[in-house]
Amino acid sequence: MTASDKARLRREMRALRKQTAAQLPDPVRALVFSRPPAPVLENIADGAVIGLYHASANEAPTQRYAQYFLENGHRIALPRLLAEDGAMRFAEHTDPLGGSDLEAGPHGLMQPGADAADLVPDVLFVPLLAFDTAGGRLGQGGGYYDRWMADHGQVLRIGLAWDTQAVDRVPMEAHDMPLHRVVTPTRVFGPFDEEDAE
């Protein structure tokens, strides 16, 4: 698959993700992703630092996951970008329901403020545009998550997605990091082996 094919797939999946989110009735939206499923929780150690993302309007929501983990003794970390083309780090997030500790960062993303402590997640819930049933992930194209995950190979990598974001096969390049699991509103995919996504 060429770079233009990958760009076209990103455009198609952004549109599909937006359509999926728009069609969700408010009562359903309030219920999805309210608590991590048991097969995922079984693999998360007590006290593990949980990395999440501040979801956009169309992404699989993370607010209730963050509150669940916080209430169960985990520290929560969100990405913090240092510059438009800089590295991504994670910093502590303490107010999942209110977001009072967040500020606007590069690309218009909400992220922990400058005073928030740096943290290194043990478990990372990752946003995506598309996934396949071998653990392949198509991100936004900036490479922030792939670079961070490559530098932290021990982290448990879990994608959060709508069911409509599943595709037959995600084109994976050498720098793309596969996921260990993917959670959708209706099921848990995986665990995947590293070789599955190659």
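Magnitude of the Cβ-charge dipole of the chain, K/R +1 and D/E -1, about the Cα centre, nearest 20 debye? All intermediate terms of the calculation are to be shown ahead of the outcome.
Values: 19 positive and 28 negative charges, 143 e Å.
Here the chain has a charge dipole of around 680 debye.
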Peptides ranked, highest mean first, by Cβ atoms within 10 Å: ranges 183-190, 94-101, 118-125: 118-125, 183-190, 94-101
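How would you classify the chain from its alpha-carbon gyration tensor, with a ≥ b ≥ c the square roots of the eigenvalues: rounded for a/c under 1.5, else prolate if a/b is greater than b/c, otherwise oblate?
rounded
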Inter-label distance for Thr164 and Asp46, nm, one decimal - labels placed 7 Å from Cα along Cα-to-Cβ: 4.2 nm
Residue-normalised accessible area of the chain, given per residue in Å² at a 1.4 Å probe: 49 Å²
Length released on extending from Gln140 to Glu173, taking residue separation times 0.36 nm less the Cα-Cα span: 10.4 nm
Residue (of Gln67, Val182, Leu24) at the positive-pole extreme of the chain, dipole from beta-carbon charges: Leu24
Distance in nm between pseudo-label sites at Ser34 and Asp118 (7 Å out along the Cβ direction from Cα): 3.9 nm
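The values are calculated or read from the model by the stated rules, or taken from the named source; none is laboratory data. These figures come from a predicted structure and were not determined experimentally. Neighbour counts are summed over all protein chains in view; Cβ atoms, including those assigned to glycine, are modelled from backbone coordinates with ideal geometry. SASA here: full protein model, heavy atoms, side chains in, ligands and nucleic acids out. Shrake-Rupley method; radii C 1.70, N 1.55, O 1.52, S 1.80 Å.
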